[in-house]
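The values are calculated or read from the model by the stated rules, or taken from the named source; none is laboratory data. Just so it is clear, the structure is predicted and the values come from calculations on it, not from any experiment. Note that each Cβ is placed from the backbone with ideal geometry, even for glycine, and that neighbours are counted across all protein chains shown. We work out accessible area using only protein heavy atoms, side chains counted, and drop any ligands, DNA or RNA first. Shrake-Rupley method; radii C 1.70, N 1.55, O 1.52, S 1.80 Å.
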Amino acid sequence: MFTSSYVTDSQTQFNESQKKLSEIWEASQKKLSESQKKLILTFTETFSGGTTPVSASESLEKAQTLQKELVKSTLTTQEVTLNLAIEAQKLFWDNYFLLTDKAAKEIPKN
């Protein structure tokens with residue numbers, strides 16, 4: 001029957017999409033976490049100079065290193081977010097067209 005097959009196929013596609021989206025989400029969270037860890041490590045290294053006097057050039061270098069890591073981390077976050085949004089849209093449209101194609105093939109011809 002057309003209706004039960006369509007519902008079953010829709011549910012299967014939905015489950016597969018959810019699984020793939022979950023995998024993409026986990027990978028993006030791992031990448032984001034690694035980026036943030038690197039930023040925190042750089043931040044702590046920048047300020048862990050102890051009580052030793054630091055030259056102006058060394059201080060500037062540490063500040064610039066921290067700024068670079070902050071920018072990298074921010075860009076990584078944006079990249080991960082955009083990739084996740086794009087992958088979600090791809091999954092949605094791929095599943096939509098797959099299901100509509102199947103539904104069109106199952107409609108009885110007069």
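Structural remarks
- Boolean, residue 81 is closer than 15 Å to residue 39 by Cα, hydroxyl-bearing (Ser, Thr, Tyr) and surrounded by 12 or more Cβ atoms within 10 Å (Cβ to Cβ): no
- Residue check, residue 90 charged (D, E, K, R), open to solvent by 70 Å² or more (accessible area, probe 1.4 Å) and part of a helix (DSSP H, G or I): yes
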